[in-house]
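Some notes on the structure that comes next.
The values are calculated or read from the model by the stated rules, or taken from the named source; none is laboratory data. This structure is a prediction, so every number in the text was calculated from the model and none was measured. Note that we place each Cβ from the backbone using ideal geometry, even for glycine, and neighbour counts take in every protein chain shown. Remember, those area values only see protein heavy atoms, side chains included, never the ligands or the DNA or RNA. Shrake-Rupley method; radii C 1.70, N 1.55, O 1.52, S 1.80 Å.
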Amino acid sequence: DTGVSQDPRHKITKRGQNVTFRCDPISEHNRLYWYRQTLGQGPEFLTYFQNEAQLEKSRLLSDRFSAERPKGSFSTLEIQRTEQGDSAMYLCASSLGVGDAEAFFGQGTRLTVV
Amino acid sequence: GDSVTQMEGPVTLSEEAFLTINCTYTATGYPSLFWYVQYPGEGLQLLLKATKADDKGSNKGFEATYRKETTSFHLEKGSVQVSDSAVYFCALSDLGSGGYNKLIFGAGTRLAVHP
């Protein structure tokens, strides 16, 4: 296992279209996080999974956003009816489920809404 | 709410120069503090961390000391190399429900080191 992988690396979509991103965490990690990073800013927390349970969602995660982790392994983040303001880098991270275990980040999916 | 403020970049240095990137934080509790680094084309990597006041985190020649009295966690390196060119993010952990680390990041500081 070489780390957290995200697919696709880049996505260009037209405003109003739906997009879905995938994250494959490190295999033994039961915690999974999604962050969003806009240009010139640091990552902002979106949501957190412990195994398949989504335990916290940020206010940034509007009704157009939905995340799943159906079997406690990979996760998907879907954005419906994309807007230009959704353009950002979407980062996935995973960690072991103990205390303040280090989070390992993927390379991200860069979304451009035109 | 909790927040992190770090110095704006870019920081441009010559090789072997001394580096300081300032980071201050606001938190209601006693967070752990982190420095992450993002090299061009790569994901965020943990560089170092400190979990309580007066702890010093260190890695690859970089150091940062958790200063509760000044709410700071400044990153330092005595002699930078061209390979240190990257974006550096200061972060704190806000323990979310279930005790996991919800990271709150600063805006990042780009470092460019020239030969």
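Here the spin labels are modelled as points 7 Å beyond Cα on the Cα-Cβ line, and at B:GLU16 and A:ASP100 they lie 3.7 nm apart. Among residues other than B:ALA86 with Cβ under 13 Å from its Cβ, the summed charge is +1 (Lys and Arg +1, Asp and Glu -1). Length available on full extension from A:THR38 to A:THR2: 0.36 nm per residue minus the Cα-Cα distance, which gives 10.4 nm.
Multiplying the residue separation of B:SER83 and B:LEU46 by 0.36 nm and removing their Cα-Cα distance gives an extension gain of 11.7 nm. The mean number of partner chain beta-carbon atoms within 10 angstrom of a residue's beta-carbon across peptide A:99-108 is 6. When only alpha carbons of chain A are considered, Rg and Dmax amount to 13.3, 41 Å.
Put simply, the amide H of A:THR112, placed in the peptide plane, has neighbours under 5 Å in A:LYS11, A:ILE12, A:THR13, leaving out anything fewer than 5 places away on its chain.
Seen from A:THR82, the other residues with C-beta closer than 14 Å to its C-beta sum to a net charge of +3, counting Lys and Arg as +1 and Asp and Glu as -1.
Here the protein assembly as shown yields Rg over Rh of 0.97, to two decimals, using C-alpha coordinates and the Kirkwood radius. As a quick test, which of the pairs B:LYS49/B:LYS77; A:LYS71/B:LYS49; B:LYS49/B:LYS102; A:LYS14/B:LYS102; A:LYS57/B:LYS102 have an alpha carbon distance above 22 angstrom in this structure? Too far apart for the 22 Å limit: A:LYS71/B:LYS49; A:LYS14/B:LYS102. Note on A:GLU68 and B:THR28: their simple-model spin labels are 3.4 nm apart, each label 7 Å out from Cα toward Cβ. Cα centroids of the stretch B:1-80 and the stretch A:41-91: 27 Å apart. In this structure B:VAL82 has an accessible area near 60 Å², from a 1.4 Å probe over the protein heavy atoms. Eigenvalues of the alpha-carbon gyration tensor of chain B, scaled by 5 and square-rooted, set the equivalent ellipsoid semi-axes at 24, 14, 12 angstrom, largest first.
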